[in-house]
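For reference, the structure discussed in these notes is given below.
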């Protein structure tokens, strides 16, 4: 079960669309699992919504909510194949973003990921990230979710 809880450990290199209405953020992510999760899944997608408040000119913080879906893999045991079930999480977190420059920012989300799929207890959620703004409404984000 612990390995399933770690299923969301993935590197997310995705294109994030940012809705530019105040500090409302919305993102769509795609990712490839690594480590133990890579043995059990093939691909992951996620969406997230958040609202970031300006704490200072360089720092924003606020709540974020998301949905993550990892697609199970087929494992060949030598005696047959085992289908691994998909795993879903609902991460609820506090987000922080530090603007290094007008185009580049660093940040992290910390919270709890509720397990949605059967047998998934959920657990501590963290997601460090680096983002590069292509336009006012689109960022390229490199993130790790655990």
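Read-outs throughout are calculated quantities, based only on the coordinates presented, and are distinct from any laboratory measurement. Keep in mind that what you see is a predicted model, and the values were worked out from it rather than measured. Backbone-built Cβ (ideal geometry, glycine too); neighbour counts: all protein chains shown.
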Restricting to Cα pairs below 8 Å that are 6+ residues apart, what does the relative contact order work out to for the stretch 18-146? Please round to a whole percent.
17
Among 113-122, 84-93, 70-79, the order from most to least packed when residues are scored by Cβ within 10 Å on average
84-93, 113-122, 70-79
Nearest 0.05, what FRET efficiency do residue 144 and residue 98 give at R0 = 22 Å with Cβ-Cβ as r?
0.85
If packing is taken as the average number of other Cβ atoms within 10 Å across a peptide's residues, how do 131-137, 61-67 rank, most packed first?
61-67, 131-137
The stretch 73-119: relative contact order as a whole-number percent, Cα under 8 Å and 6+ apart
35
Given points 7 Å out from each Cα along the Cα-Cβ axis, report the residue 24 to residue 90 separation in nanometres with one decimal.
2.1
